[in-house]
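The values are calculated or read from the model by the stated rules, or taken from the named source; none is laboratory data. Fair warning: this is a prediction, and the values are worked out from it, not measured in the lab. Counting neighbours? That spans all protein chains shown, and the Cβs are built from the backbone with ideal geometry, glycine included. In case anyone asks, the SASA skips ligands and DNA or RNA and just uses the protein heavy atoms, side chains included. Shrake-Rupley method; radii C 1.70, N 1.55, O 1.52, S 1.80 Å.
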Amino acid sequence: MKMLATLMRVAALGLMSACATPAQDEPALLLIDGSRLPPVNVSMSVPNLSHCTDSGDQTLRLNAQQPVTVLVHGCFSSAGRYRGMAQVLAFHGQQTVCFNYNDRDSLLRSAAQLDAALTGLARGLDQQPITVLGHSQGALIARKAMSIGQADAIGGKDGSLRLVTVSGPFGGIAAARHCGSRLWKTLSLGLVGPICQIVTGDKWSEITYTSPFIVDPPPLDPRVRDFLKIVTDEGGSCRRMNQGACVESDAIFSLAEQRNPAIDTDPRVKIVEVKAGHVEIVGNNREGPVKLIAVLQEQGVIKPTAPEQKEKFGLLLTRLFGEAAR
């Protein structure tokens, strides 16, 4: 009985922290300034896609002759939590939409939903490139959705896809190691699985280092022209300070958890390592994603900021993320 209580406590603390995403005390984010975006010439509704706000409006208003970036959030998050990043791209004239999913679902189910969403989005575009950017759990879902054998990935149309992942635990989540352990399964009289499912949902068996989802990832779809894999060295990072002391660590995944030779050896993969915390890299209402923006601009995912616009861009970051963002 004591062992089961210990297991439940370890699983709860480990798996819940492994799902950490931007702070949840942000107000609802309802608007994106589209004044720099190309003129809208198509409206469509695609299941699980919306603009990156919490407005509830599911109608996508886009320019069909321009590329689109799809943002895929991690768990305990929503489209509105990535409104800031969407606004950063909008400042540079780039269109974004967000993928919404239930983070307690199986990753296979979420990946299938994303694949279908990409297909629906591509049908409304004039063969424009689609970039998919996923953070944390969203990184796992994004790569699976864009793999061979995962339905259509843009519905068979001629077109190109680009995959960008940030802080994705492609090597399996260390905090979930008990969930995939045969020894723990035996010691717990088979209760380890149900306990892990209670804590983390239907995905519990897919995030362990022994799961086929992690061990045997399928190759990427041939239409994925390149894969930018951003890994974060999160050691020593802090998410929340109180009177000079760290009260909440921002170190969620080790570099080892983010590595996977079966994925990293694909010739289309470019790995960029950044010294940043798990939430710091994507930003919240206290810190801006300045390190991520710098990498994305260096790699051509976000357009360069024109010299005459840098001051305005700095003011935008301050408004979105706070003074520290500058």
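How many residues are out of contact with any Cys (no Cβ under 7 Å at 6 or more places or on another chain) and modelled with pLDDT of 60 or more if we restrict to the range 180-197? Count: 1. Which numbered condition in (1) open to solvent by less than 20 Å² (accessible area, probe 1.4 Å); (2) more than 17 Å from residue 87 (Cα to Cα) is the only one that residue 239 fails? For residue 239, the failing item is (1). The residues listed here are 247, 279; of these, the one that is in a loop (DSSP other than H, G, I, E, B), of a type in the set (A, V, I, L, M, F, W, C) and either over 17 Å from residue 228 (Cα atoms) or in contact with an Asp or Glu (Cβ under 7 Å, 6 or more places away or on another chain) (or both) is 279. Summed over the range 285-303, the residues that are more than 14 Å from residue 36 (Cβ to Cβ), open to solvent by 80 Å² or more (accessible area, probe 1.4 Å) and not in a helix (DSSP H, G or I) give a count of 1. The set of residues from the range 39-82 being outside any loop (DSSP other than H, G, I, E, B) and either of a type in the set (Asp, Glu) or touching an Asp or Glu at 6+ places or on another chain (Cβ under 8 Å) (or both) comprises 50, 79, 80, 81.
Residues in the range 251-284 that are open to solvent by 60 Å² or more (accessible area, probe 1.4 Å) and touching a residue at least 60 places away in the same chain (Cβ under 8 Å): 256, 259. Cβ-Cβ distances below 7 Å connect the following pairs, each with a first residue in the range 128-146 that is without any contact (Cβ under 8 Å) to a residue 40 or more places away in the chain, a second residue that is part of a helix (DSSP H, G or I) and open to solvent by less than 10 Å² (accessible area, probe 1.4 Å), and a separation of six or more residues or different chains: 145/111; 145/114; 145/115; 145/118. Looking at this structure, is residue 244 surrounded by fewer than 20 Cβ atoms within 10 Å (Cβ to Cβ), out of contact with any Leu (no Cβ under 9 Å at 6 or more places or on another chain), at pLDDT below 95 and within 27 Å of residue 68 (Cβ to Cβ)? The answer is no for residue 244.
Within the range 42-84, being at pLDDT below 95, of a type in the set (A, V, I, L, M, F, W, C) and open to solvent by less than 10 Å² (accessible area, probe 1.4 Å) holds for 52, 75, 79. Of the residues making up the range 205-222, those that are of a type outside the set (Asp, Glu) and either at pLDDT below 90 or out of contact with any strand residue (DSSP E or B) (no Cβ under 8 Å at 6 or more places or on another chain) (or both) are 205, 207, 208, 209, 210, 211, 212, 213, 214, 215, 222.
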